[in-house]
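**Q** To start, I am sharing the structure in question, which I have written as structure tokens.
Bear in mind these aren't lab numbers, they're just calculated from the coordinates by the rules spelled out. Keep in mind it's a predicted model, so treat the numbers as computed, not measured. Ideal geometry is used to build each Cβ from the backbone, glycine not excepted, and the neighbour counts take in all protein chains shown.
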Amino acid sequence: MQLAKWAHDLAESLLAESLPKRWAHSQCVYSQALMLAPALGEDAELLAAAAITHDVGYARAAVDTGQHMIDGARYLRDVVGADPRLCSVVAFHTSSPWEASELGLDGALAEFGPADPDLVDAITYCDLTSSPVGALVDPADRLTEVLDRYGPDHVVFRAVSAARPELLARLARVRERTLETEQSRLS
């Protein structure tokens, strides 16, 4: 858990005081990642580290392009020298490819690809089951909340609307993998 502890301390230093709601959300995402650990095996700690740092791109010190997923990944890579796989998961979490496309940042996102699809599914699950204030939430409600918060003229609204079918498919894959892991554990 050294990587996860390091990531937790880093995210806390960037988010806790200046963005307390974002920090609460990140802590919930981290808790969700810990619950998925049995289904992830050797990648469990990497997911936990990505979960707690997935939104560091919102921190003032990390803002570069304005797309928090890319900004967080660049901060992790360029400022703190994080593992490339960690940077990739942060860069590609949730609706990042759709948002990057909307913003003309496909090339910036490509700096971190290709991403591991199982880890992207898992981080998306963790993100979409955590509310903006750190409570567990139904993913469909979370997607509706994001759309309502941003409104139809915003890039995030357009990206999440386009990504919604794939985001729901990611959630389904994680649930299936978790169920299979539990069933094999019990047999």
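**Q** Between the DSSP loop rule and a limit of at most 16 other Cβ atoms within 10 Å, which GluC sites (Glu not before Pro) in the stretch 111-174 are left?
**A** For GluC sites (Glu not before Pro) across the stretch 111-174 that sit outside H, G, I, E and B with at most 16 neighbouring Cβ atoms in 10 Å, the list reads E111.
**Q** Continuing with the same structure: When the gyration tensor of the stretch 79-187 is built from Cα positions, what are the square roots of 5 times its three eigenvalues, in whole Å, from largest to smallest? Walk me through the intermediate numbers first.
**A** Numbers: eigenvalues 117, 81, 30 Å².
The answer is 24, 20, 12 Å, longest axis first.
**Q** How much space per residue, in cubic angstrom, does the convex hull of the C-alpha atoms of the stretch 30-90 take up? Mind dumping the intermediate values first?
**A** Values: hull volume 4.3 nm³, N = 61.
It comes to 70 Å³ per residue, whole-number rounded.
**Q** I've got another one for you. For the stretch 1-75, run through the trypsin sites (Lys or Arg not before Pro) and keep only the ones in DSSP coil with at most 13 other Cβ atoms within 10 Å of their Cβ. List each step's numbers first, then the result.
**A** Details: sites: K5, K21, R22, R60, R74; in loops: R60.
Passing both the DSSP loop test and the Cβ count: R60.
**Q** In addition: Between G57, G134, G151, find the one with the highest GNM mean-square fluctuation for the chain; connect C-alpha pairs within less than 10 Å.
**A** It is G151.
**Q** Over all alpha-carbon pairs in the stretch 1-70, figure out the percentage whose distance exceeds 20 Å. Could you put the intermediate results ahead of the total?
**A** On the way: 637 of 2415 pairs.
Within the stretch 1-70, distances greater than 20 Å cover 26 percent of Cα pairs.
**Q** Treating the beta-carbon of each Lys and Arg as +1 and of each Asp and Glu as -1, no other charges, what is the dipole magnitude of the stretch 32-187 about its Cα centre, to the nearest 20 debye?
**A** Numbers: 13 positive and 25 negative charges, 27 e Å.
That gives the stretch 32-187 a dipole magnitude of about 120 debye.
**Q** Can you give the FRET efficiency to the nearest 0.05 for D64 and E42, using r as the Cβ-Cβ distance and R₀ = 41 Å?
**A** Numbers: r = 31 Å, r/R0 = 0.76.
That pair, D64 with E42, gives E of 0.85.
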